[in-house]
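The values are calculated or read from the model by the stated rules, or taken from the named source; none is laboratory data. What you are looking at is a predicted structure, and each value in this text was computed from that prediction instead of being measured. Cβ sites come from the backbone with ideal geometry, for glycine too, and all protein chains shown count toward neighbours. Heads up: the accessible areas ignore ligands, DNA and RNA and are worked out on the full protein's heavy atoms, side chains in. Shrake-Rupley method; radii C 1.70, N 1.55, O 1.52, S 1.80 Å.
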Amino acid sequence: HYNADIIDYGTYQDGNINLASPSANGSHVGGYIVFKEGTQQVDLRIGSSFISYEQASYNLEKEIPTTASFEDTKEKVKDSWNHYLSKVQLEGASKDELQIYYTALFHTLQFPRETSEHGKYFSAFDSKIHEGVSYNDYSLWDTFRAEHPWLQLIAPERVNDMIQSLVQMYQEGGWLPKWPNPTYSNIMIGTHADAVIADAYINGFRGYDVKTAYEAIRKNAYTPPAQDEAFRWKDRAPWNGHYEARGGLTNYLKQGYVSEEKANESVSRTLEFALDDYCIAQMAKALGHKQDYKDLMKRAKNYVNLYNPETGFFQARNLDGSWCDDEKGMTEGAKWTYQFCVMQDVDGLIKLMGGRESFLKKLDQNFDEKHYRHDNEPGHHYVYLYNYCNELAKTQQRIPEILASNYKNQPDGLSGNDDCGQMSAWYLYTCLGFYPVTPASGVYALGIPNFDKATIQLPNNKTLTIIAKNRKNYKTMTDVRLNGKKLSTPFIRIKDLLKGGILEFSQP
């Protein structure tokens, strides 16, 4: 719909112009319109749909009716964004910090994106139209870490529909997707929808088909993809007619690790399968599936099978158990990238690496020798691992450097892309003073706030005020109290935090 005179129009494809053509299909297509000479301003309203032209027209009238002016629409959009952006109020932040923080908050609210159209949606998983709500564009290899937990805090009314959308994808396509965009994409490894679903369940979200959700994540853990041993799986492999799921799972179930002879990125696969097994186990336990819980918790320790005590790193192995070159078997990284990728059993990792002092030394080495890359998500929890050695002060001392090096108020202000909100979610959590290291654990690890005061509107009309008085004057603030009660460890239960109140950081 428009409010000016059109004198010409057409479409084009691959450089060829089709005069007076009202539509075109295919790749590299576009359209054009020419307005009457002298036209200075045009109000143009566009409707879109994955379903039909008729649905696009319906969507347009519902969302931008003919009675709405441009100013009306602008204010409507502004109010919608402010509803979320105002959920966090900061004190003691500089102008640059305010712009970085609220830009990050804006980023976390863009994905996953709703693709349903007023009660119905087109599914790319079965090419059919369904009734219901649907979300898509889940960058799950990244976003299970902090983006999805963040949405539980800031947009809880959308979480159930996001989980149900994953369940629908399973029902329509046969598997939970690893990276739906808009259907199976063979991007990345692991099945981190497992972590997202289990974490939401453990944290109290129940407004979806729980039985089918568990069925779906359990299938990931127990059912290898078709012809699993006939293919050498890898990230972004050309489509072979079979969904990847956990490529290499057959070998993983037999040997307790994925052999480098069976699949590329075998170390990363093993570590990520073990993490997802832990997450599924937590939901299994809560639902009363005792044998699944027992089996999966045993498998959650499979990471030990790829730790080489002679080199001190996780390392790929052959079928006969012999070690491969120490730079093989990694997804988007190398041996340091995956050195500490055991979120589900950090205490066990500490023992595996020789105990507390040895672990701390290796963790210091990771940061001091510049092995840490914040633009690569596997390491996002690393700075919080000091807490597991009861060294909150070390976590707090290293955080400001990571913030300053990777988040700036300028063009290219993020080190790397935002990965559908994960980079931003890390920043938002870290600036508040806590972070979700282990999905489905119900626990946050403590850090240090970046501001004197922050107030968050929590679910269920609760409010959390975080106080770190004169924050910029101190490198550490290890005395942490929730509603006046001192925390005995550098962790806080999520259910306690969600009750609201005052979380205060200060010096002992």
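Which angle from 0 to 90°, rounded to the nearest 10, does the C-alpha axis of helix 70-85 make with the longest principal axis of the chain?
For helix 70-85, the angle is close to 10 degrees.
Which of the GluC sites (Glu not before Pro) found in the stretch 338-393 are loop residues per DSSP with 14 or fewer other Cβ atoms within 10 Å of their Cβ?
Numbers: sites: Glu357, Glu369, Glu391; in loops: Glu369, Glu391.
Those satisfying the criteria are Glu369.
Which residue, Phe111, Phe35, Ile17, has the largest displacement toward the positive end of the dipole of the stretch 6-129 when charges sit on each Cβ (Lys, Arg +1; Asp, Glu -1)?
Result: Phe111.
Carbon-plus-sulfur fraction of the accessible area of the stretch 236-329, 1.4 Å probe, in percent? Let's see the in-between values first.
On the way: 1920 of 3860 Å².
Of all accessible area on the stretch 236-329, carbon and sulfur atoms account for 50 percent.
Normalised by the number of residues in the chain, what is the relative contact order in percent for Cα pairs under 8 Å and 6+ residues apart? Could you put the intermediate results ahead of the total?
Working: 904 pairs, mean separation 66.2, N = 508.
The normalised contact order for the chain reaches 13 percent.
Please work out whether the chain counts as rounded, prolate or oblate from its C-alpha gyration tensor, where a ≥ b ≥ c are the square roots of the eigenvalues and a/c under 1.5 means rounded, while otherwise a/b larger than b/c means prolate and anything else oblate? Please report the intermediate quantities before stating the final value.
On the way: a/c = 1.86, a/b = 1.29, b/c = 1.44.
Here the chain falls in the oblate category.
Can you give me the accessible area per residue for the stretch 1-60, using a 1.4 Å probe, in Å²?
Numbers: 4590 Å² over 60 residues.
Accessible area per residue, the stretch 1-60: 77 Å².
Quick check: net charge around Thr463, other residues with Cβ under 12 Å of its Cβ, Lys/Arg +1 and Asp/Glu -1? The partial results should precede the final answer.
Numbers: positive: Lys87, Lys462, Lys499; negative: none.
Net charge around Thr463: +3.
With r as the distance between the Cβ atoms of Gln291 and Gln255 and R0 = 22 Å, compute the FRET efficiency 1/(1 + (r/R0)^6) and round to 0.05.
Numbers: r = 21 Å, r/R0 = 0.97.
With R0 = 22 Å, the Cβ-Cβ based efficiency is 0.55.
Apply the Karplus curve 6.51 cos²θ - 1.76 cosθ + 1.60, θ = phi - 60°, to the phi angles in the stretch 404-413 and return the couplings in whole Hz, x for Gly and Pro.
5, 7, 10, 9, 10, 8, 6, x, 6, x
Expressed in nm to one decimal, what extension gain is obtained for the pair Asn473 and Glu229 from 0.36 nm per residue of sequence separation less their Cα-Cα distance?
Details: separation 244, 0.36 × 244 = 87.84 nm, distance 5.82 nm.
Gain on stretching Asn473 to Glu229: 82.0 nm.
Roll a 1.4 angstrom probe over the protein heavy atoms and tell me the percent of accessible area of the stretch 45-194 that is carbon or sulfur. Show your work: numbers first, answer last.
Details: 3570 of 6740 Å².
Answer for the stretch 45-194 is 53 percent, counting heavy atoms of protein chains only.
Leaving ligands, DNA and RNA out of it, rank Asp292, Asp8, Asp347 by accessible area with a 1.4 Å probe, largest first. Numbers along the way, then the final one.
Working: Asp292 20, Asp8 60, Asp347 90 Å².
So the residues, ranked largest to smallest area, are Asp347, Asp8, Asp292.
At 1.4 Å probe radius, can you tell me the per residue accessible area of the stretch 375-495 in Å²?
Working: 4650 Å² over 121 residues.
In whole numbers, the stretch 375-495 has 38 Å² accessible per residue.
With every protein chain kept in the model, how would you rank Leu414, Leu271 by accessible area, 1.4 Å probe, largest at the top? Provide the component values of the computation, followed by the final result.
On the way: Leu414 40, Leu271 5 Å².
Descending order: Leu414, Leu271.
Taking 0.36 nm per residue of sequence separation and subtracting the Cα-Cα distance, how much length would be gained by fully extending the chain between Ala237 and Asp43, in nm to one decimal?
Values: separation 194, 0.36 × 194 = 69.84 nm, distance 4.49 nm.
My answer for the length gained is 65.3 nm.
Could you state the angle between the C-alpha long axis of helix 53-63 and the longest principal axis of the C-alpha atoms of the chain, as a value from 0 to 90 degrees rounded to the nearest 10?
The angle comes out near 80 degrees.
Pick out, in residue order, every one of the trypsin sites (Lys or Arg not before Pro) in the stretch 1-76 that is DSSP loop and has at most 12 other C-beta atoms within 10 Å; say none if there are none. Present the calculation step by step, with values, prior to reporting the outcome.
On the way: sites: Lys36, Arg45, Lys62, Lys74, Lys76; in loops: Lys36, Arg45.
Those satisfying the criteria are Lys36.
For Asp325, Asp228, what's the largest-to-smallest order of accessible area, 1.4 Å probe?
Of Asp325, Asp228, the descending order of accessible area is Asp325, Asp228.
If each of Asn376 and Asn305 carries a label point 7 Å out from its Cα toward its Cβ, how far apart are those two points in nm?
Taking the simple label geometry, Asn376 and Asn305 are separated by 2.5 nm.
In Å², what does the accessible area per residue of the stretch 131-253 work out to with a 1.4 Å probe?
Details: 3830 Å² over 123 residues.
Averaged over the residues of the stretch 131-253, the accessible area is 31 Å².
Return the long-range amide H neighbours of Val443 (sequence gap of 5 or more, or a different chain), with a cut-off of under 5 Å between placed amide H atoms.
It is Ile494, by chain and number.
With θ set to phi - 60° and the Karplus curve 6.51 cos²θ - 1.76 cosθ + 1.60, what are the ³J(HN,Hα) couplings of the stretch 343-348 in order, to the nearest whole Hz, using x for Gly and Pro?
In residue order, the calculated couplings are 5, 7, 8, 5, 4, x Hz.
Going Cα to Cα from Lys294, which aspartates and glutamates come in below 20 Å? Please leave out same-chain ones fewer than 8 positions away.
Of all the aspartates and glutamates, those that pass the test against Lys294 - Cα under 20 Å, at least 8 places apart if same chain - are Asp194, Asp199, Glu215, Glu272, Asp276, Asp277, Asp345, Asp347.
Rounded, prolate or oblate for the stretch 393-437? Axes are the square roots of the Cα gyration tensor eigenvalues, ordered a ≥ b ≥ c, and the cut-off for rounded is a/c under 1.5. Could you put the intermediate results ahead of the total?
Working: a/c = 2.47, a/b = 1.40, b/c = 1.76.
Oblate is the answer for the stretch 393-437, as a/c is 1.5 or above yet b/c matches or exceeds a/b.
Name the long-range amide H neighbours of Cys324: under 5 Å, sequence gap of 5 or more, or other chain; modelled H, no Pro or chain starts.
Ala316, Arg317, Asn318
With a 1.4 Å probe and all protein chains left in place, how much of the accessible area of the stretch 357-423 comes from carbon and sulfur atoms, in whole percent? Please report the intermediate quantities before stating the final value.
Values: 1280 of 2830 Å².
Carbon-and-sulfur percentage of accessible area, whole number: 45.
Provide the net charge surrounding Ser506, with neighbours chosen by a C-beta distance below 12 Å and charges set as Lys +1, Arg +1, Asp -1, Glu -1. Mind showing how you got there, number by number?
Numbers: positive: Lys469, Arg471, Arg481, Lys486; negative: Asp452, Asp479, Glu504.
After counting each charged neighbour, the total is +1.
Quote the charge dipole size of the stretch 230-341 about the Cα centre in Debye, to the nearest 20; the model charges only the Cβ of Lys and Arg (+1) and of Asp and Glu (-1).
460
Using DSSP to define loop residues, name the trypsin sites (Lys or Arg not before Pro) in the stretch 154-221 whose beta-carbon has at most 11 other beta-carbon atoms within 10 Å.
Working: sites: Arg158, Lys178, Arg206, Lys211, Arg218, Lys219; in loops: Lys178, Arg206.
Answer in residue order: Arg206.
How large is the helix-only mean residue ellipticity at 222 nm for the chain, computed as the sum of -39500 (n - 2.57) over DSSP H runs with n ≥ 4, divided by its residue count, in deg cm²/dmol to the nearest 500?
On the way: 16 runs with 183 residues, N = 508.
Helices in the chain give a 222 nm mean residue ellipticity of -11000 deg cm²/dmol.
Which ³J(HN,Hα) values in Hz, rounded to whole numbers, follow from the phi angles of the stretch 444-460 under the Karplus curve 6.51 cos²θ - 1.76 cosθ + 1.60, where θ = phi - 60° and Gly and Pro get x?
So the J values, rounded to whole Hz, are 9, 8, 7, x, 8, x, 9, 9, 5, 7, 9, 10, 10, 7, 8, x, 6.
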